[in-house]
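First up is the structure itself, then whatever we jot down about it.
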Amino acid sequence: MDIKERIEQIENDDKGINEYVLHQLLELAMAVTGRGDVSDDYTKFIEFPIGNSVIFSDPYYNRVQIDEEDLESESIQKLIEEIKKRLLHFNQKIKITREKLAADIFNEPIKDL
């Protein structure tokens, strides 16, 4: 499943709660970028750096903060759109990089066979 399909799956989840959607997008962003941290306790609290800020997502208490300031529903929705946009941009860039690296490595002639 590629990033675009996973985003669609997250958005079509029957929960439809902005805080939940954002948390799932942040989990995806962490998985594909290697950035951010998730707590290993029952809360699964995420800290994800973006720009000059850090997003804090706490699914256990259903809270989202940026630099420790609580966000309202409208701000969370804007953040969801921004994370989606950046994930799709990352996906586009990584495909180009992957194709170039694959060509550089696998187009070299085989030696000493």
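The values are calculated or read from the model by the stated rules, or taken from the named source; none is laboratory data. This structure is a prediction, so every number in the text was calculated from the model and none was measured. Don't worry about glycine lacking a Cβ; one is built from the backbone with ideal geometry, like all the others, and counts go over all protein chains shown.
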field: Breaking point among (1) buried (at least 16 other Cβ atoms within 10 Å of the Cβ); (2) touching a Lys or Arg at 6+ places or on another chain (Cβ under 7 Å); (3) more than 23 Å from residue 88 (Cβ to Cβ), for residue 45
entry: (2)
- prompt: Name the pairs: first residue in the stretch 50-71 and over 21 Å from residue 85 (Cβ atoms) and surrounded by fewer than 16 Cβ atoms within 10 Å (Cβ to Cβ), second residue modelled with pLDDT of 95 or more and of a type in the set (Gly, Ala, Ser), Cβ to Cβ under 8 Å, at least 6 apart or on different chains?
  reply: 63/57
- request: Give the stretch 11-42 a look and list any residue that's farther than 25 Å from residue 95 by Cα and of a type in the set (Ser, Thr, Tyr), or say none.
  value: 20, 39, 42
- request: Give me a count of the residues in the stretch 1-25 that are part of a loop (DSSP other than H, G, I, E, B), farther than 18 Å from residue 76 by Cα and touching a residue at least 12 places away in the same chain (Cβ under 8 Å).
  value: 1
message: Return the residues of the stretch 1-42 that are of a type in the set (Asp, Glu), surrounded by 13 or more Cβ atoms within 10 Å (Cβ to Cβ) and modelled with pLDDT of 95 or more; say none if nothing qualifies.
response: 27
statement: Flagged pairs (Cβ under 8 angstrom, 6 or more apart or on separate chains; first in the stretch 83-100, among the charged types (D, E, K, R); second assigned to a helix (DSSP H, G or I) and surrounded by 13 or more Cβ atoms within 10 Å (Cβ to Cβ)) are 84/7; 84/25; 86/29
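Can you list the strands (runs of 3 or more DSSP E) lying wholly within the stretch 36-113 that have 3 or more residues being more than 23 Å from residue 2 (Cα to Cα)?
Numbers: elements: 46-50, 53-58, 63-66.
Filter on the stretch 36-113 gives 53-58, 63-66.
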